[in-house]
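For reference, the structure is listed below as structure tokens.
The values are calculated or read from the model by the stated rules, or taken from the named source; none is laboratory data. Keep in mind that what you see is a predicted model, and the values were worked out from it rather than measured. We place every Cβ from the backbone using ideal geometry, glycine too, and count neighbours over all the protein chains shown.
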């Protein structure tokens with residue numbers, strides 16, 4: 001029996017649609033949908049345990065995986081099975097998680113798992129733009145408590161026109177690539193990259209995306225109503241005690257306010273807050289703490305948050321004593337590490353990043369092998385966040401999702417400023433050594449300086465800043481904070497990171513924690529961010545104003561040369577023999593790629609010393625050398641023979657040609673050594689291919705004056721002693737006469 005299905009269709013314009021269907025697959029999950037656009041199909045399921053976990057947070061897991069079978073491909077590597085998620089999959093998980101998490105009830109602590117799988121791939125459809133829609137639709141069909149449907153869309157812009165969920169080919173033409181997550185009422189997440197657009201243009205892109213999201217939210221509501229929306233499950237809420245909350249607030253608020261107003265450092269402030277909390281805890285008996293000790297900690301945190309927020313809203317002061325627009329003190333340094341190809345330190349307040357740059361060939365490109373995308377990155381950035389950067393000791397279990405996300409943001413901020421004709425593969429690594437707010441933006445700043453220190457000819461320097469927001473819905477009062485601290489990120493209503501050059505925005509990442517953020521506040525935050533970016537940019541350019549003219553002495557130099565495809569085999573040699581020997585002789589690295597458009601070979605030559613690179617170029621020039629008929633060339637004798645001398649062109653070593661004894665001199669030459677010897681250098685004239693010998697012909701005598709009284713020898717008479725043609729006819733006649741004779745019978749009669 002075919003199950004009954006329910007379906008809603010969303011019109012994207014230009015003949016494109018997104019459908020949401022349920023009722024056919026994964027019916028034991030608490031909610032499941034198939035979202036389809038073109039041939040792209042995502043299966044999303046959601047399951048949440050009915051029993052609360054023994055934790056004080058929501059244990060939510062968002063998992064996004066792309067199946068290679070969806071694109072008709074095998075997984076790469078030895079094991080033909082999908083393994084750990086790629087960076088691209090991790091980034092999609094983060095995009096969905098950041099929008100979903102704030103909409104679950106604060107006191108809902110049941111383990112919840114959202115799984116999104118790419119089951120069918122369409123090369124013209126980017127699946128990550130539909131992952132948020134799929135996750136929200138599945139939750140809407142379940143009984144899991146959730147505030148309101150959300151969705152996410154990608155927005156691009158071509159020739160001034162916004163496009164919702166553009167294809168990969170359209171995105172290549174777009175100057176904006178942003179993913180926006182929102183409910184029908186509020187924008188909650190923004191992430192993307194741009195080509196130096198203005199703050200107003202970015203706001204217009206968000207508005208266009210939000211209008212499309214409203215349509216997708218309505219479609220989810222209609223689907224849930226048609227399917228039969230389940231009653232929201234009951235769950236055990238957190239225990240509350242209003243009297244205890246008020247008591248702790250009264251005990252903590254004024255003390256916290258005074259410490260926050262003191263403008264102390266992170267560690268001093270943390271110690272002071274801890275002391276206040278200990279004093280409050282000490283007022284309760286052991287029995288009371290055993291009964292409601294968790295509530296004491298919870299209510300103290302609320303009191304601390306309220307005091308710090310009120311300090312900013314009431315007096316315009318912040319935890320470290322700054323005003324809302326102030327940037328922390330900055331110091332920078334370049335060329336700090338002696339052995340790297342480029343390095344820099346960027347320190348802003350209590351946040352510090354040490355960036356390094358490594359230059360390599362195309363062989364070092366970052367290969368991306370996903371069902372939805374195959375390619376390579378010639379510029380990439382890795383971000384490391386060790387526990388000591390925050391004064392903690394904790395286990396290190398591989399690269400975290402946060403490290404992947406922050407590194408990707410910094411990479412997107414910088415990559416458009418690396419010139420397209422940069423011959424190197426460039427890897428930037430950021431080591432966060434101290435962290436108290438926006439280490440990803442410190443990575444952008446340190447990365448800019450390290451690239452310029454390495455001699456990468458950046459189009460323009462890039463800086464970044466993290467903005468915050470504290471608002472009061474009742475009074476309408478709000479404060480936009482420049483260069484936020486870690487604590488302000490935690491207690492604030494917005495974390496907005498924006499990067500750019502002096503001329504516009506290159507990347508952004510925004511998470512909004514309050515409903516209904518007005519575009520007025522957003523524009524103010526963007527403009528305040530621009531002022532902060534320009535201030536930081538000035539500090540960077542004071543340290544290093546322009547990229548170094550060349551790479552460092554110990555860094556590899558890169559030269560690229562194009563050769564016709566037919567010469568690639570000769571350069572490589574049988575089994576790679578020629579190229580391996582050449583690399584060893586010249587102490588260089590040689591990489592050869594084929595350009596399918598021009599049908600040429602692209603030879604990359606990487607070497608520390610220019611001598612080795614010059615030697616490789618000379619070998620290539622020699623290989624490509626083609627003498628012109630009638631031209632005169634200098635040659636060197638490299639081999640003596642009885643019938644001539646083997647010479648090589650001095651401008652193309654390795655290119656040899658036979659100089660026949662008859663072309664040495666006008667006089668008759670009995671011995672080659674009478675005229676030339678090994679190592680002699682002289683000029684010859686090139687005559688091209690000799691029609692008689694079908695070999696290249698060069699002549700020394702052709703450029704020498706004829707001796708006085710010289711007489712040309714008569715050409716050899718090849719028919720001496722009779723005409724060859726007549727002789728041939730005579731032979732044929734003789735053969736014919738022979739045929740006319742009777743056959744001879746050699747057998748004797750008995």
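Things worth noting here:
- Filter result for residue 142 (at pLDDT below 95 and outside any strand (DSSP E or B)): no
- Residues that are without any contact (Cβ under 8 Å) to a residue 60 or more places away in the chain and in a loop (DSSP other than H, G, I, E, B) within region 231-272 comprise 234, 239, 240, 241, 262, 263, 264, listed in sequence order.
- The residues of region 2-36 that are in contact with a helix residue (DSSP H, G or I) (Cβ under 7 Å, 6 or more places away or on another chain) and more than 27 Å from residue 112 (Cα to Cα) amount to a single one, 10.
- Residues of region 478-487 satisfying the condition of being touching a helix residue (DSSP H, G or I) at 6+ places or on another chain (Cβ under 9 Å) and either modelled with pLDDT of 90 or more or crowded, with 24+ Cβ neighbours inside 10 Å (or both): 478, 479, 480, 481, 482, 483, 485
- Count - residues of region 276-285 that are loosely packed, with under 12 Cβ neighbours inside 10 Å and within 48 Å of the chain's Cα centre (by Cα): 1
- Filtered residues of region 592-602 (kept if surrounded by 11 or more Cβ atoms within 10 Å (Cβ to Cβ) and not in a strand (DSSP E or B)): 598
- Taken over region 441-457, the criterion of being buried (at least 21 other Cβ atoms within 10 Å of the Cβ) and not in a helix (DSSP H, G or I) is satisfied by 454, 456.
- Options 125, 99; residue that is in contact with a strand residue (DSSP E or B) (Cβ under 8 Å, 6 or more places away or on another chain), surrounded by 19 or more Cβ atoms within 10 Å (Cβ to Cβ) and in a loop (DSSP other than H, G, I, E, B): 125
- Extreme residue, surrounded by the fewest Cβ atoms within 10 Å (Cβ to Cβ), among residues of region 332-348 that are in contact with a helix residue (DSSP H, G or I) (Cβ under 9 Å, 6 or more places away or on another chain) and more than 18 Å from residue 541 (Cα to Cα): 340
- Breaking point among (1) surrounded by fewer than 16 Cβ atoms within 10 Å (Cβ to Cβ); (2) modelled with pLDDT of 95 or more; (3) within 30 Å of residue 117 (Cβ to Cβ), for residue 381: (1)
- Taken as a whole, the structure places residue 468 among residues that are surrounded by 23 or more Cβ atoms within 10 Å (Cβ to Cβ), touching a helix residue (DSSP H, G or I) at 6+ places or on another chain (Cβ under 8 Å) and more than 20 Å from residue 408 (Cα to Cα).
- Any hit, region 386-403, residues being in contact with a strand residue (DSSP E or B) (Cβ under 6 Å, 6 or more places away or on another chain) and part of a loop (DSSP other than H, G, I, E, B): no
- Scanning region 326-346 for residues that are assigned to a strand (DSSP E or B) and over 25 Å from the mean Cα position of the chain (by Cα) yields 330, 331, 332, 333.
- Restricting attention to region 187-201, the residues that are more than 25 Å from the chain's Cα centre (by Cα) and buried (at least 18 other Cβ atoms within 10 Å of the Cβ) add up to 2.
- Residue list for region 27-58, filter: in contact with a strand residue (DSSP E or B) (Cβ under 8 Å, 6 or more places away or on another chain) and surrounded by fewer than 18 Cβ atoms within 10 Å (Cβ to Cβ): 38, 39, 49, 50, 51, 52, 53
- Considering residues of region 543-563 that are without any contact (Cβ under 8 Å) to a residue 60 or more places away in the chain and not in a loop (DSSP other than H, G, I, E, B) only, the residue surrounded by the fewest Cβ atoms within 10 Å (Cβ to Cβ): 562
- When residue 55 is tested against the conditions (1) under 27 Å from the mean Cα position of the chain (by Cα); (2) more than 23 Å from residue 230 (Cα to Cα), the lone failure is (1).
- Test: residue in region 223-240 that is in contact with a helix residue (DSSP H, G or I) (Cβ under 7 Å, 6 or more places away or on another chain), within 30 Å of residue 34 (Cα to Cα) and surrounded by 14 or more Cβ atoms within 10 Å (Cβ to Cβ): yes
- Screening residue 589 with (1) buried (at least 17 other Cβ atoms within 10 Å of the Cβ); (2) at pLDDT 90 or above; (3) under 30 Å from residue 95 (Cα atoms) gives one miss only, at (3).
- Among strands (runs of 3 or more DSSP E) entirely within region 1-59, having at least 1 residues that are within 30 Å of residue 294 (Cβ to Cβ) and in contact (Cβ under 8 Å) with a residue 60 or more places away in the chain singles out 40-52.
- For residue 568, the test of being in contact with a strand residue (DSSP E or B) (Cβ under 9 Å, 6 or more places away or on another chain) and modelled with pLDDT of 90 or more is failed.
- Residue count for region 677-705 satisfying the condition of being over 21 Å from residue 629 (Cβ atoms) and at pLDDT below 90: 1.
- Scanning region 603-626 for residues that are surrounded by 16 or more Cβ atoms within 10 Å (Cβ to Cβ) and either touching a helix residue (DSSP H, G or I) at 6+ places or on another chain (Cβ under 8 Å) or touching a residue at least 60 places away in the same chain (Cβ under 8 Å) (or both) yields 603, 604, 605, 606, 607, 612, 613, 615, 616, 619, 620.
- Only listed residue being surrounded by fewer than 15 Cβ atoms within 10 Å (Cβ to Cβ) and under 27 Å from residue 509 (Cβ atoms), chosen from 84, 94, 65, 73: 84
- Condition check for residue 320: over 47 Å from the mean Cα position of the chain (by Cα) and within 24 Å of residue 477 (Cβ to Cβ): no
- Cβ-Cβ under 6 Å pairs, at least 6 apart or on other chains, region 423-448 side at positive phi, far side outside any loop (DSSP other than H, G, I, E, B): 437/351; 437/486; 438/466
- Qualifying residue in region 49-66 (condition: at positive phi and in the same structural domain as residue 170 (by TED's automatic domain parsing)): no
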